[in-house]
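Just below is one structure, and these are the notes that go with it.
The values are calculated or read from the model by the stated rules, or taken from the named source; none is laboratory data. This one's a predicted model, so the numbers in the text were calculated from it and none came from an experiment. Cβ atoms come from the backbone with ideal geometry, glycine included; neighbour counts cover every protein chain shown.
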Amino acid sequence: MQSEVMFAGFGGQGILLSGKMLAEAAMAKGFEVAWVPSYGPEMRGGTAYCMVVVSEKSIASPIIQNPMHLIAMNRPSLEKFAPVVKPSGVVLINSSLISAGAGRDDIDELALPVTEIARELGSVKIANIVALGAFVARSKIVDFESLRKTVKEEFADKEKFIPLNMAALDRGKKMALEVEPSNIPRPS
């Protein structure tokens, strides 16, 4: 099994951190992992993205043209990357900032208002964590408890942020499980 996940959004939305935490959660479970971040003008409001490859076997190349999954935190990212996602993949759309869908009927499209959920929880800065929790709950790419442990470790030196981030993960999971999955069979 190999799964590729593209995280994409504006610079400053925690895109690279989300990818890094997914990669660390997968490594903790013994998977082979590649995390390829994109740096550059993204920090000034452009599109930031990273690719995470998770596999049971050695990874031949971390450069993937057609990822299995996509977390799109803004509309330019959805428009750029949704067309290349493999059929049967999960495409999580931040519906707080994106009013359109992916325009495909061969994917599991999950549109959640992650920015609004983060705001309700107390900080829009945790929208990426809400999205990460929802994505992992829906895709099952790693077990959820492994992700929780990784997020706790990431914020260990800033303990006051752990409860907020745990709430964000749990709320994302709850939202993802409440939304009826599309009828797209996922590969096993």
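Matching residues to (1) modelled with pLDDT of 95 or more; (2) under 22 Å from Met21 (Cβ atoms); (3) small (Gly, Ala, Ser):
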{"site": "Ala82", "(1), (2), (3)": "yes, no, yes"}
{"site": "Ile93", "(1), (2), (3)": "yes, yes, no"}
{"site": "Ala102", "(1), (2), (3)": "no, no, yes"}
{"site": "Thr115", "(1), (2), (3)": "yes, yes, no"}
{"site": "Val142", "(1), (2), (3)": "yes, yes, no"}
{"site": "Ser146", "(1), (2), (3)": "yes, yes, yes"}
{"site": "Val151", "(1), (2), (3)": "yes, yes, no"}
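The residues listed here are Ser77, Ser88, Ser58; of these, the one that is touching a strand residue (DSSP E or B) at 6+ places or on another chain (Cβ under 9 Å) and either at pLDDT 95 or above or more than 19 Å from Lys20 (Cα to Cα) (or both) is Ser88.
Taking the criterion of being buried (at least 24 other Cβ atoms within 10 Å of the Cβ) and not polar (S, T, N, Q), the residues of region 11-20 that qualify are Ile15, Gly19.
Counting only helices (runs of 4 or more DSSP H) that sit wholly inside region 78-182, those with at least 2 residues that are hydroxyl-bearing (Ser, Thr, Tyr) are 144-154. Among residues of region 93-109 that are under 22 Å from Arg119 (Cβ atoms), those with a beta-carbon under 8 Å from a residue that is among the aliphatic types (A, V, I, L, M) and part of a loop (DSSP other than H, G, I, E, B) at least six positions away or on a different chain give the pairs Ile93/Ala102; Asn94/Met73; Leu97/Met73. Among the residues making up region 14-48, a single one is modelled with pLDDT of 90 or more, under 26 Å from Ser123 (Cβ atoms) and part of a loop (DSSP other than H, G, I, E, B): Gly14. Between Lys125, Lys158, Lys152, Lys140, the distinction of being without any contact (Cβ under 8 Å) to a residue 40 or more places away in the chain, farther than 18 Å from Arg75 by Cβ and within 16 Å of the chain's Cα centre (by Cα) belongs to Lys140 only.
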